[in-house]
Each structure stands twice: as structure tokens, then as C-alpha cells.
Protein chains: 2
Amino acid sequence: MKDLAINVGLKIKVRRKEIGVSQDKLALLADIDRSYVGRIERGEVNITLEKLYEIAEVLDCDAKDLLP
Amino acid sequence: MKDLAINVGLKIKVRRKEIGVSQDKLALLADIDRSYVGRIERGEVNITLEKLYEIAEVLDCDAKDLLP
């Protein structure tokens, strides 16, 4: 299941860069601590579904597109 | 975001019944407390992605199919 977090984190990072959003901005808009965004993108944390949907909203994509 | 948990909980319940798995069996196979399965299906809790994938594996479906 470690692979899952790494995979999701990578997809979030790719999408974030694709639309030119900084980690800081994502953190602010998704109401996440800035350091936590880094941990999510490195696959170090197991996020909740709610957080996934909040991130997807900020990144203007479908939450399912952030899943493997 | 309360709707999200309710929606996911309902999809889990529908799929579980579709393949004839009891809450007890799902709890056992997904390594979740029995009462927690009930809370998930009623949308009372905000589950993690990891838990969603564990449940999807037990229910023999794609985790994405359990999302709205």
C-alpha cells in the first residue's frame, strides 16, 4: 500500500505542475499545511478521500484522475 | 464533503450486497472493526485511500468504482 501513496502523490505533483500551481498555493487553497503537501507528493502519508477531493478541486480535475 | 462519505458508503454497501458478502466478512477480510464497517456504509467516517483500496480488493472491484 506504500506504492499507492507514492503513485497518488506523483499524480498530484504532475497535475499541480501541469497547471502551474505552487505547493504553497495548493496548501493554501486546499487548507493543508505546506509541509504536508510535500509529504503527500512524496507518498509519505495516507490521505483521506475528503482530502483527495479537496486537492482535486484545487487542481481542477476529477479525483479519480489522481488515482492509479 | 459529508455527501462524499455518504455516497461512497452507499456504493460500498451496494457492491458488498451484490457479491453476497456480509459486513462481518468484509470487516474480517479488510481488517476493519465490524462496527467501523457500519459507520463507513452510513457515511459517518472519512476513510483513507488505503482503506478504500483494501475494501475494493475484498469486494473484487476497482476502487474508482466506489467513488462518486
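The values are calculated or read from the model by the stated rules, or taken from the named source; none is laboratory data. This one's a predicted model, so the numbers in the text were calculated from it and none came from an experiment. Here the Cβ positions follow ideal geometry from the backbone for every residue, glycine too, while neighbour counts run over all protein chains shown. Please note that ligands, DNA and RNA were not included when accessible areas were found on the heavy atoms of the full protein model with its side chains. Shrake-Rupley method; radii C 1.70, N 1.55, O 1.52, S 1.80 Å.
Identify all residues within segment A:18-50 that are small (Gly, Ala, Ser) and either within 14 Å of chain B (Cβ to nearest Cβ) or under 25 Å from B:Asp3 (Cα atoms) (or both); write none if there are none. Listed by number, the residues that qualify are A:Ala27, A:Ala30, A:Gly43.
Inside segment B:18-68, residues that are open to solvent by 40 Å² or more (accessible area, probe 1.4 Å) and either aliphatic (A, V, I, L, M) or touching a Cys at 6+ places or on another chain (Cβ under 6 Å) (or both) make up a count of 3. Given the structure, is A:Arg15 open to solvent by less than 60 Å² (accessible area, probe 1.4 Å) and away from chain B (no Cβ under 12 Å)? Considered against the rule, which asks whether it is open to solvent by less than 60 Å² (accessible area, probe 1.4 Å) and away from chain B (no Cβ under 12 Å), A:Arg15 comes out as yes. Among all residues of segment A:41-50, there is none that is out of contact with any helix residue (DSSP H, G or I) (no Cβ under 9 Å at 6 or more places or on another chain) and under 20 Å from B:Asp65 (Cα atoms). Got at least one residue in segment B:48-57 being in a loop (DSSP other than H, G, I, E, B) and touching a residue at least 24 places away in the same chain (Cβ under 8 Å)? The answer is no; no qualifying residue exists. Scanning segment A:4-17 for residues that are in contact with a Pro (Cβ under 9 Å, 6 or more places away or on another chain) and either outside any helix (DSSP H, G or I) or within 13 Å of A:Ile55 (Cα to Cα) (or both) yields A:Val8, A:Lys11.
Here B:Asp3 passes the criteria (1) more than 16 Å from B:Ala56 (Cβ to Cβ); (2) of a type in the set (Asp, Glu); (3) in contact with a helix residue (DSSP H, G or I) (Cβ under 8 Å, 6 or more places away or on another chain) except the one numbered (3).
Across segment B:18-40, the number of residues qualifying as part of a helix (DSSP H, G or I), over 11 Å from the mean Cα position of the chain (by Cα) and within 21 Å of B:Pro68 (Cα to Cα) comes to 1.
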